[in-house]
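Before I ask anything, let me first share the structure, which is written out below as structure tokens.
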Amino acid sequence: ERIMPLARPTGQIPEATWTLGFREMTEPWKGALGCLGVAVFFAMTIGIISWQALEQSPEEWVLRGRTGGVLWERRRGALLLRALPTGRTVAVIAVGGVPAAEPPPPRDRCWHDGGQFCYAWEEDAELRLSLEPPPAPATECYGVRWTPLRPDVMLKDCFSMANVSWYGGASVRAQRWPLNGAESPAQPFVSGDFSQNPAGYGPVLERYFLGSTGVTVTVAPDVPLFLSLESNRHFCLESPAGRAAAPLGYLLCVSPDHLVPAQGANPPSQLFPPRRSPIWRYYGPAGSAAKIRRGLRSLAKRLKRHRLQEGVLALGERCTTVLAAAVCPDRAPPERRKRQESARAWDPSLIAPLQLSITLSPYISIASPLFLRSLRDGETAGYWLSLRPPVPLLTMWKGRLCACLNVTSDAALSWYLARARRLRQTLGAAYMVFEGAEGNAFLQQAVPPPAELAGDRYTRALAAALATLGNATVISAGARSSHLPLFVQMSPLRSDWSHAGLKGVIPSVLHYSLLGYNFFIPDAVGGSLASDAPGDPELYVRWLQIVTFLPVMAFSTPPWLCCDAWVLNLTRQCIQRHRDFVVPLITKYSEEWLHSGYPIFRPAWWLSPTDPTAFTIEDEFLIGDEVLVAPITEKGQTWRDIYLPGEGHLWMDTNTARVFDGGTVLRNYSASLTEVPVFVK
């Protein structure tokens, strides 16, 4: 046998025939052959890439639970929340602030934990998804946590409105239901006053959004948050620009049975009744305590003359301040104070059987003797918010430069509440209204707030303190305070037919109630005592027909000042209907709210959660599950289309006793100016 050598012997490689032929080629042929080779190479490369693109799925599961999961969509750079086993996409979240086109690979940092997914965009941000304990057995929840890896990275997640109606979040100037029709630039998620900032967010907001697909979005309370709304496209959660490594975190929950998920706010800790009698706001003379007393007595006599003698006369903050200064001055010698009180004492019998409501705020004018004394007194200097003690933080309130109560000081709160109780007792007030609870005084002055007052924490802290005054207390804002036994004053409305006026009442009712604020006082539309022009009687009547079915009827304009005698008679009938029919009904569903957290005032989709027609109805509302109210909100109309929810249910018109099937639409249903369509299930 011949043994093959282990190594090739050195020497020249024999020349192949094709090599010799190539050498004999002319230069043009060599160039042509080279170009052909390059073309073949590129064709093969494109073919391989195309094959990979076709073989590779555009979507990739990154976290999967029992009843759903989260996918990454490569084309849009978006997270998809999908329900199983139907495969229905319930939310599409476009990712901003990171290279969206870069697809995350399989789990890298959390591969050992099947309940988490972690991925880091190098030098940009880190994403962590996790399965979280659900609030209910049929619900599955996913935690989403973004952490920026550089101080200049602004995180932004946008929730698509395509095929999804969204509810909750923030109130806006021209309230819409759903939120899809609202528009707002990116701004801090903090309650505000529309009179100062019409483009800002309103007095009631919660970090809770509900989608018509059965998905909820709950933003963690410790997350600095900006919110933007782009009409019919998306709403976006953003981390503030310029903050060092501000995270963005929220909880996604989906209910596979498509029922309404867990509510956005906790039910109250105790039950408090709706108002059986109306509120009449006083806009009379306010120059002195004597003029206010005469004005109140005159208004009370007019109400008695028109057989409207039950209710509450509500003083604004200015009148309350004038009356309080006369009746119970803060600092006076005891002997002098006693003489003043006997000479100027307020006698509640002047307006009996009507009761009195007074208005306070956490603001104090820097020109007031009380504030000036506090600057001289070292013990009370900490009663006001300050940039650095003892320099107070000054802000504008009703055209005056003011200091604001320091709600982080126990001493300041104790002093403020004691003063409010003393004033209530002295004036015999049945109700106390607290304005100015909305907003953040530091943000208004473009000053970073301390951690304990970041975001909406001022509103929350003030609400918690005011709740100790009892369930006859009204506050002007709400943020994470729906569990407190407080009435909430709705934001002011314009006296017109727009969404900033009459059309915005029902969307606001549904918005407040969904977020857990079921006991609210709606603002009045239809006329104003500040105007010499007579009000619009039709607008007044259509407003009256809506507020009849709400917790409190509050009037800014008495009916005899704007309308004919028949409107006065209609007002009496509506007050009687509110007292005899609506109040017992609200009291009944208050018990359900207390135990289940279900809102008292419900949208049409509450009984038709799978009917897309019900998702956008904003001019009807349910009281519980048994009464449907469908008022007229268009000027000059005496008919409307009415959606009756709940397929399989029957609805009876309380005006005609006619019965109709649920799950249907009544076309051109008659409703004269003296009628409001109300159906009982």
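The values are calculated or read from the model by the stated rules, or taken from the named source; none is laboratory data. Keep in mind the model is a prediction, meaning the values are calculated, not measured. Here the Cβ positions follow ideal geometry from the backbone for every residue, glycine too, while neighbour counts run over all protein chains shown. With ligands, DNA and RNA removed, areas are computed over all heavy atoms of the protein, side chains included. Shrake-Rupley method; radii C 1.70, N 1.55, O 1.52, S 1.80 Å.
Taking the condition open to solvent by less than 60 Å² (accessible area, probe 1.4 Å), of a type in the set (A, V, I, L, M) and in contact with a helix residue (DSSP H, G or I) (Cβ under 9 Å, 6 or more places away or on another chain), does Leu387 pass?
For Leu387, the condition - open to solvent by less than 60 Å² (accessible area, probe 1.4 Å), of a type in the set (A, V, I, L, M) and in contact with a helix residue (DSSP H, G or I) (Cβ under 9 Å, 6 or more places away or on another chain) - is not met.
Also, quick follow-up: Out of everything in segment 471-505 that is farther than 21 Å from Val172 by Cα and either touching a strand residue (DSSP E or B) at 6+ places or on another chain (Cβ under 9 Å) or buried (at least 19 other Cβ atoms within 10 Å of the Cβ) (or both), what residue ends up being modelled with the lowest pLDDT?
Among them, the one singled out is Asn471.
Of the residues that make up segment 184-198, is at least one of a type in the set (A, V, I, L, M) and in contact (Cβ under 8 Å) with a residue 60 or more places away in the chain?
yes
Also: Applying the selection to segment 145-176, what residues are open to solvent by less than 10 Å² (accessible area, probe 1.4 Å) and within 14 Å of the chain's Cα centre (by Cα)?
Result: Trp166, Tyr167, Gly168, Gly169, Ala170, Ser171, Gln175.
Under 7 Å by Cβ, and 6 or more places apart or on different chains, what pairs join a residue from segment 440-452 that is surrounded by fewer than 17 Cβ atoms within 10 Å (Cβ to Cβ) with one that is assigned to a loop (DSSP other than H, G, I, E, B) and aliphatic (A, V, I, L, M)?
Close Cβ pairs (under 7 Å, with a partner that is assigned to a loop (DSSP other than H, G, I, E, B) and aliphatic (A, V, I, L, M)) amount to Gln445/Leu393.
In segment 305-314, how many are open to solvent by 80 Å² or more (accessible area, probe 1.4 Å) and touching a residue at least 12 places away in the same chain (Cβ under 8 Å)?
Final tally of qualifying residues: 2.
Can you tell me which of (1) open to solvent by 10 Å² or more (accessible area, probe 1.4 Å); (2) among the small types (Gly, Ala, Ser); (3) over 26 Å from Asp193 (Cβ atoms) is the one Ser508 doesn't meet?
(3)
Moving to a separate point now. Show the residue pairs meeting these rules: Cβ distance below 8 Å; 6+ apart or different chains; first residue within segment 583-600 and farther than 15 Å from Ser513 by Cα; second residue in a helix (DSSP H, G or I) and open to solvent by 10 Å² or more (accessible area, probe 1.4 Å).
Listed by first residue and then by second, the contacts come to nothing, as the list is empty.
Same structure again: Out of all the residues in segment 401-449, which are touching an Asp or Glu at 6+ places or on another chain (Cβ under 9 Å) and of a type in the set (Ser, Thr, Tyr)?
Result: Thr408, Thr426.
Of the conditions (1) out of contact with any strand residue (DSSP E or B) (no Cβ under 7 Å at 6 or more places or on another chain); (2) surrounded by fewer than 20 Cβ atoms within 10 Å (Cβ to Cβ); (3) modelled with pLDDT of 90 or more, Ser130 fails just one. Which one is it?
For Ser130, the exception is condition (1).
Could you tell me which numbered condition Arg331 fails, if it satisfies all but one of (1) at pLDDT 90 or above; (2) charged (D, E, K, R); (3) in contact with a Lys or Arg (Cβ under 9 Å, 6 or more places away or on another chain); (4) more than 30 Å from Phe555 (Cα to Cα)?
(1)
Only one of (1) buried (at least 21 other Cβ atoms within 10 Å of the Cβ); (2) over 20 Å from Asp619 (Cα atoms); (3) among the aliphatic types (A, V, I, L, M) fails for Met553. Which number is that?
Among (1) buried (at least 21 other Cβ atoms within 10 Å of the Cβ); (2) over 20 Å from Asp619 (Cα atoms); (3) among the aliphatic types (A, V, I, L, M), Met553 violates only (2).
Additional query: Grab the helices (runs of 4 or more DSSP H) fully contained in segment 364-478, keeping just those with 2 or more residues being closer than 22 Å to Arg281 by Cα. Don't jump to the end; show me each part of the working.
On the way: elements: 369-376, 410-427, 441-444, 457-466.
Once the helices (runs of 4 or more DSSP H) in segment 364-478 are filtered for at least 2 residues that are closer than 22 Å to Arg281 by Cα, what remains is 410-427.
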